[in-house]
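One structure below.
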Amino acid sequence: MHESSLRSNAMESSFLLRGGRVIDPVSGVDATADLLISNGVVAGISTTPRGVGIPQGCVIIECEGCLVVPGLIDPHVHLREPGAEHKETIATGATAAIAGGFSSVCCMPNTTPTIDLPSTVEFVQMRAAASHRARVFVAGAATVGRAGEQLAPMGAMSQVGAVAFTDDGDCIASAGMMGKVLAVCASLDKVFMQHCQDPTLTAGGVMNSGTISARMGLGGWPAVAEEVIIERDIRLNRGHQCRYHVQHLSSEGSVEIVRRARANGQPVTAEASPHHLLLTEDACNEYNTLAKVNPPLRTDDDIRAIIEGIVDGTITLLATDHAPHASSEKALDFTSAPFGMIGLECALPLYAKALVESGAIGWPRLIALLTIEPARLLGIDGFGHGSLEVGRSCDVTVINPSKAWRIDSEKFHSKSRNCPFDGWQVHGRATEVFVGGRRVLADGAIPECATVVGHARFNAL
């Protein structure tokens, strides 16, 4: 990628992304084109060379061989703040997102204290705006303290900008409480995102239930623990028609349940994570705690089913479940070590490896899974997120799909290093990211002067 500028100024407001493959899943554009960013919006797209007028002082970025797409969106990340800033902060997580090509993320409420009050939602928004990196949308807890016993003030959190609700990290085990949550979310037109895990079936479980867990002497975690919750919730939701979303789907049986529900017209969506597309329970051999994740890594058959679910539209989007942990915590024995792995900075090439390089889908579908689909899930598509609509607020990612590189967690911007893909050779990397028209990733690096215009509620716009 080559860049030339008509002026030298760290605060340029106009950029011409020239000669890239522009892919917009909403309009259907997939063509070599020039895209102009000016005054914070997509000011023009032209498939005719030099068809876009160049404003005075415009920075020209040559994008031949690259993909120019809407800003990538990750609807499922853990930023750990407040309460566990030694693992990650909103600022470091938002920076890691930019480095991975994501202009927006949605953070989960399993913090200390729990994000279960309007004031805590606003705290996260304020901290995110101050970071001047990725937009951070907030998922509020559905129950107080994520304890599954008392409804949280979801209406009040929605009013200050919460885009979704979940008790992620824990499942709402009570069917009675689950019905109440679905009813409230339906009335607010907010998606409920379920961590599907029947706790009575996973007590003591730390990895997939099977011959490997038995050989290693570790507690098994059966796939049915995920599947029975999805089945239950879909039945409960028939009377509410809440938008219901399955987080980090991991099993063949879960794919089939979601497929059947969607075929019957139920408002059900689901996501897949990089590790459930590329790793099996074999990664846990030798008690490798970097491969300990919730839900656990399963089998080749499960991976094949998940990819088939992506191909046929059963699984509607992709999400990293970025879960930072300190090295000292992951150094504990397998049973004691926490669940989770980080993914924001290496997810894009891993998705490409599992889905594009394998021939399962093409880049246009992958981009849709990472842009407009999560935007629709979170209800932020109406603000222009997930598309390249001319005249709307401009979040854009430029991707070099052939860029070869080695994943090195020591170079991550995240505070944590718990990445089982460390050392993998991959292809595909974000080279430019624009958030609200501001250049926050430039030629693969994060400029110190990058800023995002906004205020405490910027991320809800």
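Ranking Val29, Met341, Val206 by Cα position along the charge dipole of the chain, where only Lys, Arg, Asp and Glu carry charges on their C-beta atoms, puts Val29 farthest toward the positive end.
The Stokes-Einstein estimate for the chain, based on a Kirkwood radius over Cα pairs and taken at 20 °C with 1.002 mPa s viscosity, is a diffusion coefficient of 97 µm²/s. When Asp233, Asp189 are arranged by Cβ crowding within 10 Å, least crowded first, meaning fewest neighbours, the order is Asp189, Asp233. The charge dipole of the chain, taken about the Cα centre with unit charges on the Cβ atoms of Lys, Arg (+1) and Asp, Glu (-1), comes to about 780 debye, rounded to the nearest 20. Please list the non-local residues whose amide H lies under 5 Å from the amide H of Phe137, H modeled 1.01 Å from N, same-chain partners needing a gap of 5 or more. Residues meeting the criterion, in which the H sits 1.01 Å from N, are Val105, Cys106, Cys107.
The HN-Hα couplings worked out from phi for the stretch 108-122 by the Karplus form 6.51 cos²θ - 1.76 cosθ + 1.60 (θ = phi - 60°) are 8, x, 7, 10, 10, x, 4, 7, 10, 9, x, 5, 6, 4, 5 Hz, whole numbers, x standing for Gly and Pro. Put in line by how crowded their Cβ is, counting other Cβ atoms within 10 Å and starting with the fewest, Leu297, Leu79, Leu218 read Leu218, Leu297, Leu79. Ranking of Val246, Val22 by neighbouring Cβ atoms within 10 Å, starting from the fewest: Val22, Val246. Here the 3J(HN,Hα) profile of the stretch 216-224, calculated from phi with Karplus coefficients 6.51, -1.76 and 1.60 at θ = phi - 60°, is 7, x, 10, x, x, 10, x, 4, 4 Hz, Gly and Pro shown as x. In the chain, helical runs assigned H by DSSP with n ≥ 4 each contribute -39500 (n - 2.57); averaged across all residues and rounded to the nearest 500, the mean residue ellipticity at 222 nm is -7500 deg cm²/dmol. Each residue of the stretch 173-178 is assigned a 3J(HN,Hα), and the resulting list reads 6, 6, 5, x, 5, 4 Hz, derived from the Karplus form 6.51 cos²θ - 1.76 cosθ + 1.60 (θ = phi - 60°), x at Gly and Pro.
Bridge orientation summary for the chain: considering DSSP beta bridges with both residues in this region, about 55 percent are antiparallel. For Leu297, the residues whose amide H sits under 5 Å from its own are Asn208, ignoring neighbours fewer than 5 places away on the same chain, with H placed 1.01 Å from N. Gap in Å between the Cα centre of the stretch 400-427 and the Cα centre of the stretch 219-263? With the stretch 219-263 and the stretch 400-427 each reduced to a Cα centre, they are spaced 32 Å.
Each value in this text was obtained by applying a stated rule to the coordinates, not by laboratory testing. Not measured: the values here are computed from a predicted model. Cβ atoms come from the backbone with ideal geometry, glycine included; neighbour counts cover every protein chain shown.
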